[in-house]
Amino acid sequence: MEEEAHGAGAQSASDYINHHLTNLQVCRIDGEWVWNHCEAGLFSLNVLNVDSMVIAFLLGAGFLYLFRRVAKNATSGRPGKLQTAIELLVGFVDGSVKDAFQGHNKVIAPLSLTIFVWVFLMNLMDLIPVDWLPEAAAAAGVEYLKVVPTTDPNITFAMSLSVFVLVIYYSIKIKGFGGFTKELTMHPFTPPTRGIGIVTAPFFIAFNFILEGVSLLSKPLSLSLRLFGNMYAGELIFILIALLGLYQLPLHFGWAVFHILVITLQAFIFMVLTIVYLSQAHDTGH
Amino acid sequence: MNFNLTFIGQTIAMIVFVWFCMKYIWPFIMGAIEARQNEIADGLAAAERGRSDLAKAKGESEQLIAEARERARLIVDQANTRASEIVEQARAEGEQEKVRQLEGARSEIEVEINRARDDLRAEVVAIAVAGAEKLLAREIDASDHGEMLDRLAAEL
């Protein structure tokens, strides 16, 4: 690992910002573990963002551990305070699912709960003052640490594409392959089926397919980019505020209060859109 | 922006987490919530039943109390009637007794009067005789009446 001077005075502002926005990466090059000097292109499967992965995993595991402990001791009688809080959350998610999705599916509700709480917790890392964890890591000899996993597109795209795969899976499962294909090609412009106009049908189909394909593919893209963009921008503003010296304190407080709203909202939007996309996948009455 | 192994790692983590949540968390918490909802619904129904039972019991008790009150009134009435009857009867008996006693006393007094009268009469006779004797004794002077007395004595 390479050591760098961390003193604020020795750093320019752009160094500081870049440092905060760089993932702790590890990769395997020529049979050796290399830290932070990986030649990373757009796709490089030999590189791992250790910080995003570890923090995301720890948050998810912590969430599951807590909920599992409550679930195991869940009583239908008088619940404890923790159980009440978690039931409130579960009831909220269940209500959101039932509002948007009328069918019967055992996966959607737990998926929504996991997404909501996990994304919320990952976003919540944004509220920890930006220097605390990276400085602590530096003191422990870790050069880079990007604390908020949802500012890493790997994380958001992984989640939205998992949802997308489920959307495709349920679309085909519920509507059949033919039904799904038909949905992609026969709407919104119904091709003519008789008369001389039938020769134009392929154009209709192609046009529909382009339209519907774009709208289908935009779902996971917008889902992940929205979360990523919001969190990245929010984190960047926190970093910029941190550059202001003493004046950062009131600004930081104000932005943090505002950000509480943002992180909750983003987690909620991610969950609701997941439910909506999956409910569209189940919608046969097209 | 680069896509790397983190993407795959996160996908695997998500699948595992969602599966875990679906298998070990959601059913338990939802089960507890639904069980409690059922319990609350049952409790409310029981409370409703209890309330209607209470209202019914209240009506019944009111009816019972009214009946009891009516019966008590009858009993009191009967008792009053009986009491006045008894008083009436006692008064009549007392009257009779009074008359009887009076009668007895009167006849007794009659007897007493008669006896007293008889006694008095005897007494008067005795007194009269004694008076007469005294009168006679003074009237009869031995010198004046000696002859007669002698004659009498001779006759005796």
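Numbers below:
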item	result
For chain A, built as a Gaussian network whose Cα springs stay under 10 Å, the top-fluctuating residue of A:Leu240, A:Leu261, A:Leu145	A:Leu261
Residue-level accessible surface for A:Phe177, protein heavy atoms, 1.4 Å, Å²	140 Å²
Accessible area buried between chains B and A, both sides summed, probe 1.4 Å, in Å² to nearest 100	3700 Å²
Straight-distance crosslink candidates among aspartates and glutamates, where the alpha carbon sits under 12 Å from A:Lys182 and sequence neighbours closer than 8 are dropped	A:Glu212
Nearest-0.05 FRET efficiency for B:Leu64 and B:Ala35, computed from C-beta distance (R0 41 Å)	0.50
Cα convex hull of segment A:189-286, projected area averaged across orientations, nm²	8.7 nm²
Accessible surface, 1.4 Å probe, highest first, among residues A:Lys146, A:Lys182	A:Lys182, A:Lys146
Folded to 0 to 90 degrees: helix B:5-20 orientation relative to chain B principal axis, Cα	30 degrees
Per-residue mean of C-beta atoms belonging to partner chains within 10 Å, peptide A:55-67	3
Exposure rank, largest accessible area first [A:Val163, A:Val107, B:Val124; 1.4 Å]	B:Val124, A:Val107, A:Val163
Solvent-accessible area, 1.4 Å probe, carbon plus sulfur percent, for chain A	69 percent
Shielding of A:161-174 by partner chains, average beta-carbon count, 10 Å	1
DSSP H segments from chain A that extend 18 Å or more along their own axis, Cα-based, with Kyte-Doolittle mean of 0.0 or above	A:50-72, A:81-100, A:108-124, A:153-185, A:201-242, A:248-282
Where A:Asp99, A:Asp15 fall by accessible area, highest first, once all protein chains stay in place (1.4 Å)	A:Asp99, A:Asp15
Partners for A:Lys81 among aspartates and glutamates (Cα-Cα distance below 17 Å; same-chain residues under 8 apart left out)	none
Estimated FRET transfer efficiency when R0 is 56 angstrom, pair B:Ala105-B:Leu135 (beta carbons, to 0.05)	0.85
Probe 1.4 Å - accessible area at B:Arg51, Å² to nearest ten	150 Å²
Top of A:Ile172, A:Ile108, A:Ile198 by mean-square fluctuation, Gaussian network on chain A, Cα under 10 Å	A:Ile198
Per-residue SASA entry for A:His282, accessible area with 1.4 Å probe, Å² rounded to 10	30 Å²
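The values are calculated or read from the model by the stated rules, or taken from the named source; none is laboratory data. Predicted, not measured: the structure shown is a model, and the values here were computed from it. Note that we place each Cβ from the backbone using ideal geometry, even for glycine, and neighbour counts take in every protein chain shown. The accessibility values were calculated without ligands, DNA or RNA, using every heavy atom of the protein model including side chains. Shrake-Rupley method; radii C 1.70, N 1.55, O 1.52, S 1.80 Å.
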